[in-house]
Amino acid sequence: MRINSLHKSTRLFLATTALSYVFVVDLGVAQETASSTDTTVGGLYEIVVTARKRQESVQTTPLSVSAFDSRSLSERNVQSSSEIASFVPNVQFDSAASESGGGATSQIAIRGIGQTDYVITIEPGVGIYLDGVYVGKSIGSLLDTVDIERIEVLRGPQGTLFGKNTIGGAIQLISKRPSEKLEINLDATTGSFDRVDVKGAISGPLTDGIRMRLSGAYQSRDGFMRRITPDGTPTGEHQGNMDRLSGRLVLEADLGEDLLATLSLDGTRIREQSPAQVLLKADPSGGFAGLYNAGVPGGACLDTEPTAITNPYCFNAQYVRPIDTRETTNTGGNQSDTDVKGASLSLEWTPGDMTLRSISAYRKVDVEISQDLYASPYYFNNIGQSVDQEQYSQEFQMLGDLMDSRLKYVFGLYYLHEKGRQEFPVNLALVQFLSGGEIKNDSYAAFGQLTYDITQDFSITGGLRYTHETRQFNPGLQHIVGYDYAGNATSPVPGFVNLIDGAFGAPGDPLFPAGWYKRKSKSATPMVSLSYKIDEDVMTYATYSQGFKGGGFTMRYFPPVVPGPGTDPDDIISYAGPEKAKSVEIGVKSQWLDNRLRLNVAGFYTDYRNIQVTYVIDPDGPGPIGTFVPVLANAGSAKIKGLEVEAAAVLSDQLVLDGSFGYTDADYKKFSADAIANFPNIFSLKMPNTSKYTFNLGGTATLFDNDAGRTYVRVDYAYRSGQFKEFANEPALYQKGFGIFNASLTYQSANEQWSATLGGTNLTNEAYIVSGVASSEYAQAVRSRPREWYFRVGFKY
């Protein structure tokens, strides 16, 4: 039985019962975790990161990196990786990719560089890493923060140590490791929309030399977007819910005095409805919509008919809603099921001053999605997905110190194999076809980086990575399904005439010739960095780095492409070559007032070339289809410059403040001939998912701290200025500047074993666009979650 078909109380009982089995153990000594914003001897804690594959203070790492430990994440009520964007400058992290319909997809941009499509033939522009393992696709990359020790956000190209697809940056999630002593954590949360979250972990030794950590979570919230009929009657269905079950098992074994083995197994099961989608634009004469309206009997839906705007048979603005709506006239598909499985084996050998690592990993993502995009039961357009993607990766690292630790080195080899299949049934009112295809990708890399301390205060770092990859795509499953309007629509229009019946070929006709199409690419991505310690607490640095993002095939074809006589299909298949970026960054990292003030500032300039863009074109030129088919292409180049400021201050033993400011000036400089031909206004376009300004300000105020315990308030405000959500700058998908305000009140017992938190998110009830997709006939967006309250009780031992 599917979890979301169970009664809420039954689901809570099952989740609580499952966790109770985890906690039937003998109690031991509690373990404590320090927060990066707590004070120690009146100052700020040191933040340790692994941004350069070795542990080092964030204040001595010569690049822009933000880090948050487990307590910082808990204080800020961070539930998924996407929410970290509220606390980091110049980062956009959308929790649902455009048109994806869910599938734990993400859409990320850092300093204006990212991606706006989620299909498996397209690479992300920001790399996601879970315990050192690269998560290769947008689908399945939205990770929760259950039992996470630390999140690191690295901004700017990370091509040397992290490789391909970190052209904008990288985000690392580091899980908590098994502990030497028994440790127990249990968390239960209730709140708005019948929220039920239960999280727990147990960690400790099994035998001498073997340690275990087992964690799990169940998260559930009802949907907040009501489905209604065109006359306003509720259907009883909702969108925008949450229903997730996840778990992780980590076994750590001392195989020898200097040899450590770590086995990790993780899984996530998501059974949700469609995201909270809103129709923001409906053009009754655009593309297929115009053909549909012309097919309604009696000309009732033509532009000349004044009653068309109130006739539910007609597709027009009557189905459009404002972004702050909580109602939609979507019908049909309302499913977003995702299963993610992962396994990794890490071996670490530390003979002397050297560390040798091997990281072997496997990840698999299965997705089933069905969604309605046009919000009309008569002009019904349902998009489905069936995705089966898996990857295997192997990495070898050698790290160490020489010359009395004046020379530090990192060398490595990396291999990644991906294969997958994405079936993309497109069931439009007038024509139905199957899109998608299969992929097989291989990537090989060798890398090295050296840091030499010229003096005690002056260091130079240089590195290089060479990558070779082969990408293969087979669109053979794509074909015409049919023209069955009556069988496809939720509520068919009586007497409807399909004006394009048979226009694109017979059912079964392929959309593109079958076969495995192959492309190869290679890239060398160097970096060099100079750092100088002015004194013990102030460091300046200058870094030059390069990155690249792998090429990709256009997945969606329509109408059918039939090569002319003597034309090799390999010569006309649509493929976008790799992107490249060159970046210069200058920064200062400093601590002042006996470590009571931390201030980091960085300025950057990026030359961004061969930008891969998914834009919608009219495939047959000016004609009946309109701008409808998404195409991946190298559209042009851009120059990006900006500034980032991050600060934290201990104003007193009772008050700690933190915040950041980001400025990004991103401008296209030139475009390809094809892009110019498809978009006459192209030179006025702004880069999507890129706000010029981002800032946040937060603080933790302790109300009292004595033998009775500690009570504190956490307040956060995050703002980002306006941005477009897709390449063509569709006005309906412009999100103006907005701010989000969160607050919480927490009581913690004197021994820190018990805690209780009452909080609220999005307290000003801002409604904003998370992601969106548009064509000549419609624009649809996923809207944000509304104001919510929560109450959480936690236990640690």
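Key figures for this structure:
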{"quantity": "Accessible surface of the chain [probe 1.4 Å, protein heavy atoms]: carbon and sulfur percent", "calculated": "58 percent"}
{"quantity": "Ranked by how many other beta carbons lie within 10 Å on average, peptides 138-151, 500-513 from highest", "calculated": "138-151, 500-513"}
{"quantity": "Rounded to the nearest 20 debye, dipole of the chain from Cβ charges on Lys, Arg, Asp, Glu", "calculated": "600 debye"}
{"quantity": "For the range 114-189 and the range 691-750, distance of Cα centres in Å", "calculated": "21 Å"}
{"quantity": "At 1.567 mPa s and 4 °C, Stokes D of the range 288-383 from Kirkwood alpha-carbon radius, µm² per second", "calculated": "72 µm²/s"}
{"quantity": "Per residue accessible area of the range 472-609, 1.4 Å probe, in Å²", "calculated": "45 Å²"}
{"quantity": "The chain: radius of gyration and largest Cα-Cα distance (Dmax), Å", "calculated": "26.8, 88"}
{"quantity": "q = 0.15, 0.16, 0.20, 0.21 Å⁻¹, the range 369-527: log10 I(q)/I(0) [Debye, one scatterer per Cα]", "calculated": "-0.89, -0.95, -1.18, -1.23"}
{"quantity": "Cut-off 12 Å between beta-carbons: net charge of the residues surrounding A188, Lys and Arg +1, Asp and Glu -1", "calculated": "+1"}
{"quantity": "Karplus-derived 3J(HN,Hα), 6.51/-1.76/1.60, for each residue of the range 748-760, Hz, glycine and proline x", "calculated": "10, 5, 4, 8, 6, 7, 10, 8, 9, 10, 10, x, x"}
{"quantity": "Rg(Cα)/(2.2 N^0.38 Å) for the range 582-734, N = residue count", "calculated": "1.52"}
{"quantity": "Positive-end extreme of charge dipole, the range 362-496 - chosen from V410, F396, V431 (charges on Cβ)", "calculated": "V431"}
{"quantity": "Geometric extent, Cα atoms of the range 395-458 - Rg, Dmax (angstrom)", "calculated": "23.9, 73"}
{"quantity": "Rg ratio (alpha-carbon, reference 2.2 N^0.38 Å) - the range 706-797", "calculated": "1.58"}
{"quantity": "Folded to 0 to 90 degrees: helix 8-22 orientation relative to the chain principal axis, Cα", "calculated": "30 degrees"}
{"quantity": "Value of [θ]222 nm, deg cm²/dmol, for the chain, DSSP H segments ≥ 4, -39500 (n - 2.57) each, nearest 500", "calculated": "-1500 deg cm²/dmol"}
{"quantity": "24 Å Cα-Cα threshold exceeded, pairs from K580/K639; K549/K725; K137/K199", "calculated": "K137/K199"}
{"quantity": "Dipole in debye (nearest 20) - the range 697-797, about Cα centre, beta carbon charges: Lys, Arg +1; Asp, Glu -1", "calculated": "60 debye"}
{"quantity": "Probe 1.4 Å, protein heavy atoms only - accessible area per residue of the range 725-797 in square angstrom", "calculated": "37 Å²"}
{"quantity": "For the range 332-422, accessible area per residue (1.4 Å probe, heavy atoms of protein chains only), Å²", "calculated": "38 Å²"}
{"quantity": "Semi-axes of the equivalent ellipsoid for the range 59-214, Cα gyration tensor, largest first, Å", "calculated": "28, 20, 15"}
{"quantity": "Test item: Cα-centred dipole of the range 372-449, Lys/Arg +1 and Asp/Glu -1 on Cβ, debye", "calculated": "140 debye"}
{"quantity": "Rg/Rh (Cα only; Kirkwood hydrodynamic radius) as it applies to the range 193-299", "calculated": "1.34"}
{"quantity": "Length-normalised contact order of the chain in % [C-alpha pairs under 8 Å, at least 6 apart]", "calculated": "12 percent"}
{"quantity": "Signed unit charges on C-beta, dipole axis of the range 529-686, positive-most listed residue G566, M555, L599", "calculated": "G566"}
{"quantity": "Charge dipole (the chain, unit charges on Cβ, about Cα centre) - positive-most of L186, V613, V387", "calculated": "V613"}
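The values are calculated or read from the model by the stated rules, or taken from the named source; none is laboratory data. Predicted, not measured: the structure shown is a model, and the values here were computed from it. Virtual Cβ from ideal backbone geometry, glycine too; neighbours counted across all protein chains shown. For the accessible areas, the whole protein counts, side chains as well, though only heavy atoms, and no ligand, DNA or RNA atoms are used. Shrake-Rupley method; radii C 1.70, N 1.55, O 1.52, S 1.80 Å.
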